[in-house]
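Let me begin by presenting the structure, written as structure tokens, before commenting on it.
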Amino acid sequence: MSPLNIKKGSTSHSAYDLRDPHAEVIEVHTLAVLVDNESGVLARVIGLFSGRGYNIESLTVAEVDRTGHRSRITVVTTGTPQVIDQIKAQLSRMVPVHEVHDLTVDGPAVQRELALFKVAGKGEHRIEALRLAEIFRANVVDSTLESFVFEITGTPEKIDAFGDLMRPLGLREIARTGVAALARGV
Amino acid sequence: MSKAQSRQMTGARMVVQALKDHGVDVVFGYPGGAVLPIYDEIFQQNDIRHILVRHEQGAVHMAEGYARSTGKPGVALVTSGPGATNAVTGLTDALMDSIPLVVLSGQVPTFMIGTDGFQEADTVGITRPCTKMNWLVKDTSKLSDTIHQAFHVATQGRPGPVLIDIPKDVQFATADYTPPESARIGHYQPRTKGDPEMIEALVEMIETAERPVFYTGGGVVNSGPAASRLLRELVEATGFPITSTLMGLGAYPASGKHWLGMLGMHGLYEANLAMHGCDVMINVGARFDDRITGRVKDFSPHSRKAHIDIDPSSINKVIRVEVPIVGDVSSVLEDVLERWVARGRKVNREALAKWWAKIGEWKAVKCLSYKPSTKTIKPQYALERLEALTKGMDRYITTEVGQHQMWAAQFLGFEEPNRWMTSGGLGTMGYGLPASIGVQIAHPEALVINVAGEASWLMNMQEMGTAMQFRAPVKQFILNNERLGMVRQWQELLHGERYSHSWSESLPDFVKLAEAFGCKGIKCSDPKDLDDAIMEMIRYDGPVIFDCLVEKHENCFPMIPSGKPHNEMLLGEADTQGVIGAKGAVLV
Ligand SMILES: Cc1ncc(C[n+]2csc(CCOP(=O)(O)OP(=O)(O)O)c2C)c(N)n1
Ligand SMILES: [Mg+2]
């Protein structure tokens with residue numbers, strides 16, 4: 001037996017297995033990343049997440065300052081506290097990144113997402129869908145005799161809940177924007 | 001001609017002008033359709049020397065060798081499509097080892113981008129993950145600003161490679177040239193000064209440490225000569241032991257009193273055990289790479305750690321530290337020294353003496369000893385002789401990747417920074433030969449030796465043509481074991497001696513190969529002839545390919561097998577038979 005406890009000629013053992021298994025709790029964080037609005041910047045940010053094995057739960061991006069040429073990327077990600085810290089450090093050191101804010105730890109923040117739901121059905125189902133939409137303050141933005149398109153804004157959880165209710169009532173299609181978020185107060 | 005008119009120029013001329021303005025004297029490159037306008041400009045001037053390589057990977061490694069041996073950014077120029085894709089390995093290598101490079105690539109004209117044009121490749125897409133930053137310049141009026149920004153980004157903060165992709169029509173079109181002084185280089189301005197509170201905390205750690213160790217890395221070399229000087233001052237003044245990663249060799253002199261030798265997977269016993277047993281670890285410009293830490297969970301379990309790094313993402317990435325200091329090594333070390341002196345230059349001398357006594361015991365193990373032979377050349381012996389015969393010379397060493405690389409790190413001593421160029425993070429076979437040419441171009445009078453393995457060397461051997469053409473008298477010292485030695489070693493130790501494709505068959509006759517290139521070939525297989533052969537290599541005025549036939553089955557020790565902690569080190573062949581169990585148990 002060698003000191004590695006691998007019998008010569010019999011190893012099914014991988015010598016490359018270096019991952020440390022002691023994992024910590026997984027947290028969900030919403031990050032706001034202010035970047036130069038240049039081609040390739042979004043690809044660089046997304047490439048960081050895929051290349052280093054970080055998760056993206058939701059991602060939105062749009063220019064927020066035309067004269068300053070700045071875009072805001074809102075990304076919801078999950079990971080252990082150490083991984084979240086790494087993500088922030090990795091984002092901060094990127095050349096086109098100006099600021100990184102962790103809205104989950106910086107204080108209270110508002111998070112909103114917009115979604116469109118197409119629901120098709122007749123009779124009871126149709127009436128029930130309309131009634132629930134009212135409770136959720138969803139607007140009807142398109143209707144035919146057999147379908148509705150609802151527009152709903154809210155937290156991702158609210159949108160998930162609305163989706164769950166629509167499913168048995170003839171849910172056909174969903175389009176979601178992903179989360180936009182801002183810290184509360186000034 | 002009015003001043004305004006004189007600043008109008010083509011994109012191609014801007015490239016050459018901007019390079020001159022950044023003090024570039026050498027460009028390593030290879031022409032092709034998409035960079036012809038730039039080559040036309042290069043032809044019409046004499047300030048910038050162009051080194052025509054034989055493969056674009058060679059160009060990038062040469063630029064790396066140039067950069068690492070001078071501290072200045074290296075520059076490479078490649079054409080679109082295959083020229084750019086050939087540069088990818090070099091870019092990745094430079095990213096991993098934080099080497100400042102500016103790589104210029106040609107691209108199909110803007111109106112053809114996206115049409116799958118001839119020699120079109122999505123170069124910025126392909127190189128995005130292997131550059132610190134890259135740009136596709138679609139407008140000549142933005143070209144000069146972009147080049148200035150590229151030099152800024154490559155050299156500021158943690159250095160790294162950048163790439164500028166320049167479509168051919170952008171090279172032909174004219175616009176105003178902005179000189180570097182008035183360029184808009186963006187907001188990128190990493191912080192270099194360390195947090196005073198953290199510096200105070202580190203000074204306190206130094207004052208109270210009982211078993212301290214400095215663990216230094218490539219960041220010290222990258223930070224510049226001042227960083228090495230300050231590090232030496234701090235080490236001498238505190239009397240603390242110091243070890244370094246592969247990348248940091250030379251920042252503290254190998255002849256220095258406090259030097260423990262390299263640490264890590266093939267590092268010295270005393271260095272690794274000092275890391276394992278220390279109570280205070282001061283990481284200066286290193287990144288807790290897995291070749292260093294071994295099993296993370298058991299890494300230096302009883303120490304408080306400080307980490308100085310210019311890149312905040314290096315801190316707490318792998319190992320959690322109590323005292324994180326984001327900043328440039330020289331700036332931080334200066335502040336640390338200043339505070340430590342101001343507070344009375346305190347260290348715990350008594351504890352330190354005990355610590356050195358313990359280290360003395362580890363040193364006495366003589367972990368680098370090997371079984372000598374009078375019949376075959378042991379690779380370690382070859383390097384000992386190379387070291388002895390070149391000591392004190394104006395010497396630069398590059399290496400390929402494998403056992404020979406680790407032996408070179410163990411058996412050669414480096415007294416100064418920027419004298420040792422090796423592919424650390426990426427471990428790129430084929431790095432050493434082109435890198436040696438890049439070093440030699442920067443230091444024409446110096447003795448530049450590439451310590452190579454025969455397999456690695458073959459990967460970029462076409463660059464001997466470059467060495468010949470540009471009279472770069474590089475010495476290729478090939479430790480030829482007719483094996484992919486490092487692979488063979490892992491297979492022996494970890495894969496049940498199943499030597500799957502780890503031998504070098506159908507090797508060329510290296511002496512004849514040298515003759516074919518028009519340089520000198522030397523072959524040596526008898527230890528008795530080795531000194532004379534090495535002297536012949538050194539004295540020869542031109543490139544030499546030295547085929548040093550060494551013991552074929554030698555293993556590189558010490559070795560910490562992947563995923564093992566520092567105190568489970570294999571010291572020699574005997575250990576692989578199971579002796580380490582007992583011995584390891586008595587260690588710290
Ligand atoms: C481009 C590349 N391919 C594969 C490897 C994996 N590898 C690491 S060392 C090694 C063997 C190197 O053989 P040689 O150059 O003869 O050096 P030796 O170990 O025999 O000294 C190989 C294949 C690598 N590091 N780089
Ligand atoms: Mg070999």
Can you give me the Cα centroid spacing of segment B:103-177 and segment B:545-565 in angstrom? 42
Measure nothing but the geometry: give the 0 to 90° angle between the long axis through the Cα atoms of B:143-155 and the longest principal axis through the Cα atoms of chain B, rounded to 10°. 10
5 angstrom amide H check on B:Lys523, placed H, neighbours 5+ away: B:Asp547
Check B:Asn316: other-chain or 5+ apart residues with amide H under 5 Å from its amide H, H built from backbone geometry? B:Val321
Show the residues, 5+ positions off or on another chain, whose built amide H is closer than 5 Å to the amide H of B:Arg49. B:Val26, B:Val27
Taking θ as phi - 60°, what are the ³J(HN,Hα) couplings along segment B:400-414 by the Karplus curve (6.51, -1.76, 1.60), each to the nearest whole Hz, with x for Gly and Pro? 8, 10, x, 4, 4, 5, 5, 5, 4, 5, 7, 9, 9, x, 10
Under 21 Å from the Cα of A:Lys88, which lysines turn up, not counting those fewer than eight places away in the same chain? B:Lys132, B:Lys193, B:Lys317
Straight-line reach from A:Lys118: which aspartates and glutamates have Cα under 12 Å away, leaving out those fewer than 8 places along the same chain? A:Asp142, A:Glu146, A:Glu151, A:Glu173
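Kindly identify segment B:7-182 as rounded, prolate or oblate by the Cα gyration tensor criterion: order the square roots of the eigenvalues as a ≥ b ≥ c, call it rounded if a/c is under 1.5, otherwise compare a/b with b/c, prolate if a/b is larger, else oblate. Working shown, then result.
On the way: a/c = 1.37, a/b = 1.11, b/c = 1.23.
Since a/c stays below 1.5, the shape of segment B:7-182 is classed as rounded.
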Using a Förster distance of 56 angstrom, determine the FRET efficiency expected from the C-beta separation of B:Lys391 and A:Arg172, and round it to 0.05. 0.10
In whole Hz and in residue order, list the ³J(HN,Hα) couplings for segment A:136-145 that follow from phi through the Karplus curve 6.51 cos²θ - 1.76 cosθ + 1.60, θ = phi - 60°; x for Gly and Pro. 7, 6, 8, 9, 8, 10, 7, 8, 10, 5
Stretched fully, the stretch from B:Glu361 through B:Asp509 gains (0.36 nm per residue minus C-alpha distance, one decimal, in nm) 48.7 nm
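Filter the cross-link list B:Lys366/B:Lys520; B:Lys391/B:Lys552; B:Lys72/B:Lys378 down to pairs whose alpha-carbon distance in this structure exceeds 32 Å. Write out the running numbers ahead of the final one.
On the way: B:Lys366/B:Lys520 37 Å; B:Lys391/B:Lys552 27 Å; B:Lys72/B:Lys378 37 Å.
Going by Cα-Cα distance, B:Lys366/B:Lys520; B:Lys72/B:Lys378 fall outside the 32 Å limit.
Could you work out the local net charge near A:Ile174, counting Lys and Arg as +1, Asp and Glu as -1, over the other residues with Cβ closer than 11 Å to its Cβ? All intermediate terms of the calculation are to be shown ahead of the outcome.
Values: positive: A:Lys118, A:Arg167, A:Arg172, A:Arg176; negative: A:Asp160, A:Glu173.
Once all neighbours under 11 Å are counted, the net charge is +2.
So, R0 is 35 Å and r is the distance between the beta-carbons of A:Glu146 and B:His187; what FRET efficiency does that work out to, to 0.05?
Details: r = 54 Å, r/R0 = 1.55.
Once rounded, the FRET efficiency stands at 0.05.
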Mind giving me the nanometre distance, one decimal, between the label points for B:Ser500 and A:Ile127, set 7 Å out from Cα along Cα→Cβ? 6.9
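First select every other residue whose beta carbon is under 12 angstrom from the beta carbon of B:Pro434; then total the charges, Lys and Arg +1, Asp and Glu -1. Please list the in-between numbers first.
Values: positive: B:Arg54; negative: B:Glu56, B:Glu64, B:Asp93, B:Glu400, B:Glu463.
Spelling it out: positives minus negatives among the neighbours equals -4.
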Förster-model FRET efficiency, 22 Å R0, B:Phe43 and B:Arg539, C-beta, rounded to 0.05: 0.05
Between A:Val25 and A:Val186, with labels modelled 7 Å along Cα→Cβ, what's the label distance in nm to one decimal, could you check? 3.5
All aspartates and glutamates inside 13 Å of B:Lys297 as judged from Cα atoms, apart from same-chain residues fewer than 8 positions distant: A:Asp20
Diffing segment A:151-162: the Karplus 3J(HN,Hα) column from phi (6.51, -1.76, 1.60, θ = phi - 60°), in whole Hz with x for Gly and Pro, holds 10, 9, 10, x, 6, x, 5, 5, 5, 4, 5, 4
For A:Asp164 and A:Ser92, compute 0.36 nm times the residue count separating them, minus their Cα-Cα distance, and round to one decimal in nm. 22.2 nm
Pair B:Asp122, B:Ser255: separation of 7 Å Cα→Cβ label points (nm): 5.5
Under 13 Å from a point 7 Å along the Cα-to-Cβ line of A:Gln82: which residues of segment B:296-323 have their amide N that close? B:296-300, B:315-322
Springs between alpha-carbon atoms under 10 Å, Gaussian network over chain A: tell me which of A:Ala129, A:Ala62, A:Ala115 tops the mean-square fluctuations. A:Ala62
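None of the figures in this text is laboratory data; all of them are computed from the coordinates on show. Note that the structure is predicted; figures quoted are calculated from it, not measured. Backbone-built Cβ (ideal geometry, glycine too); neighbour counts: all protein chains shown.
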